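Take a look at the structure below.
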Amino acid sequence: CAVKAAQVLSEIAKNEEMKKPCIEADLVPTLIPLLESTDQEMLLHAGRAIGRICYGNRDLQEELVKVGVITSLVRILTDYAESEPLVHVDLLALCNLADLDTAKEALSKTKVAEQLVKQLRRAENHERLEIVFEVLQALAENDALKVQLVEAGVQEVLSEILLRLQGSSQAEDTCIVKAASDLIVSLLLGGKRSTDKLKVVKNNAKAIVSVLSRQENSQDRLLEFSNLYGNCERMVQLGVIHQLLDLLEKHVESEDVSVQHAALSALRNLAIPVVNKVQVLEEGVAERIQALLRSEMPPVQFKLLGTLRMLADGQADAAEILGQDPMLLNRLVQWCNSNDHTSVRGEANRLLASILRHNRSQEVVKAIQEAQGVKHLVSMTTSEHAAMQNEALNALAIASAIDLETLEESFKESQLVQSLHKLLQDDNTSPEVKYNSMGLLCSLLNSGDLRQEIEEDKIKETLEELCSHSNANVVKEAVTTLQALRGET
């Protein structure tokens, strides 16, 4: 009679007033062993009765977890995965228990992730999908279960569902799309970044980006996602950069700089891999970024300059595009003159140096000269930061090798030779800066007027002293520069 008794109890427990008498009669501990039965009808009625009696009663639910009901539920889901009534009852039970930390802990020691993904894949109606999503969303709050879900391939099934329902205007489909997209976001954006998550991004970036761009709070989610996975090549291939630029252009006049700042951070990260730089340039992103130069917000200006510098790094094509844009160069020179915001001034100088360092075009040298940017680079050689000094020295050396004649007059006006001599004389100047200063001097010797300045400033004596410097590279360069000055090489 046990099956019939369990069925009666499951019907009785539907009534809210009958739950208390069932609890007082200790029916729950009596029903739990029945979950080990191999009789599907017994499992169905016992499961319903337990679920209904314990619904909304946290203390009882905790007791269920304590006595091992989680193991029984996962076993039923595994052994009877094709039984619709049993799976339904089982999922409802998991749904009620999954909010408990103790239940999540117990579930993390089972193979529930594999079974839930299997049920998600075979779900044929909206009701079943919604129940599975509810369970998955609760489990996704646990880091261990999150990793297990990713390993079980939940993201692939979610992507399939999203792509299948994309564009549907039916209310039920919209609810499913939202639940699936929320779950993807929970899996990817919550907790720590991991190799598993990065794998998910690469394999499912199209669906993820599509999801994020359609959500109500897509702006924040897309930015967070882009900043977390900024180096992912798939994101660039899928046009995330253009979405970020659309976002930026909408907010460029806004006084709220948080969106602009976050979007530019994401763009900068995306511009780091070489393969990304190439695609970004081919798609004309450099020109779109430059359109943001009208921003008057120093934090945005700073981030924008850093993004452009990252784009030009190691890319002659990018340097040529940026270095032949009069509007950009004029804006850069304005910022190089800024006394109010030293960080913007420093970043403007660094971008100017980067354009010269990475370009191989005479037109770029002439354009920077016409924009009156050379004097700022000469001034940058005396920066308090050695890194900036070296960037400026290398940029000027490369520009001199490309077109010294164009730069000659500016070098004389800005007293470049005298600045280099001071760097060589100063004991506090780093060996690398001394080395690069001498490299630039060698380039300047190709100009008759600048050679004369070098000779008149008695740099030869300083070079002779540097031949006994403690740094071997400095000594070697000093010998080379002396030879060039004497006309020996």
Q: Could you figure out which of (1) within 22 Å of Arg128 (Cα to Cα); (2) open to solvent by less than 80 Å² (accessible area, probe 1.4 Å); (3) without any contact (Cβ under 8 Å) to a residue 40 or more places away in the chain isn't true of Leu31?
A: (1)
Q. Out of (1) within 27 Å of the chain's Cα centre (by Cα); (2) in a helix (DSSP H, G or I), what's the single condition that is false for Gly314?
A. (2)
**Q.** Condition check for Gln7: in contact with a Lys or Arg (Cβ under 9 Å, 6 or more places away or on another chain) and either of a type in the set (D, E, K, R) or open to solvent by 30 Å² or more (accessible area, probe 1.4 Å) (or both)
**A.** yes
Q | Filtered residues of region 138-170 (kept if under 23 Å from Leu92 (Cα atoms) and surrounded by fewer than 16 Cβ atoms within 10 Å (Cβ to Cβ)) | A | Glu141, Asp143, Ala144
(Q) For region 448-456, check the following and say yes or no: at least one residue is over 47 Å from the mean Cα position of the chain (by Cα), farther than 30 Å from Asp325 by Cβ, of a type in the set (D, E, K, R) and open to solvent by less than 60 Å² (accessible area, probe 1.4 Å). (A) yes
**Q.** Unique match (being part of a helix (DSSP H, G or I) and either surrounded by fewer than 18 Cβ atoms within 10 Å (Cβ to Cβ) or of a type in the set (Lys, Arg) (or both)) among Val474, Val479, Val433
**A.** Val479
Q: Sort out which residues of region 273-320 are open to solvent by 40 Å² or more (accessible area, probe 1.4 Å), more than 16 Å from Val333 (Cα to Cα) and touching a residue at least 40 places away in the same chain (Cβ under 8 Å), and write them in order of number.
A: Val274, Val275, Gln279, Glu283, Arg288, Ala291, Met297, Pro299, Lys303, Asp313, Gly314, Glu320
Q) Are any residues in region 409-430 in contact with an Asp or Glu (Cβ under 8 Å, 6 or more places away or on another chain) and either open to solvent by less than 40 Å² (accessible area, probe 1.4 Å) or among the aromatic types (Phe, Trp, Tyr) (or both), and if so, which ones? A) Val417, His421
(Q) So for region 146-163 (the condition being on the phi < 0 side of the Ramachandran plot, modelled with pLDDT of 80 or more and either polar (S, T, N, Q) or touching a His at 6+ places or on another chain (Cβ under 7 Å) (or both)), does at least one residue qualify? (A) yes
Q | Test set (1) among the β-branched types (Val, Ile, Thr); (2) closer than 20 Å to Leu424 by Cβ; (3) in a helix (DSSP H, G or I) - Thr382 fails condition number | A | (3)
Q. Would you call Leu377 touching a Leu at 6+ places or on another chain (Cβ under 9 Å) and at pLDDT below 95?
A. no
Q: Please go through region 445-460 and pick out each residue that is over 17 Å from Glu488 (Cβ atoms) and in a helix (DSSP H, G or I).
A: Gly448, Asp449, Leu450, Gln452, Glu453, Glu456
Q | Scan of region 36-87 for residues that are hydroxyl-bearing (Ser, Thr, Tyr) and more than 17 Å from Ala106 (Cβ to Cβ), ordered by number | A | Ser37, Thr38, Tyr55, Tyr80, Ser83
(Q) Out of Leu64, Leu116, Leu100, Leu73, I need the residue that is within 27 Å of Asp173 (Cβ to Cβ) and of a type in the set (A, V, I, L, M, F, W, C). Which one? (A) Leu116
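The values are calculated or read from the model by the stated rules, or taken from the named source; none is laboratory data. These figures come from a predicted structure and were not determined experimentally. As a convention, Cβ positions derive from the backbone with ideal geometry for all residues, glycine included, and neighbour counts pool all protein chains shown. Calculation scope for accessible area: heavy atoms of the full protein, side chains included, ligands and nucleic acids excluded. Shrake-Rupley method; radii C 1.70, N 1.55, O 1.52, S 1.80 Å.
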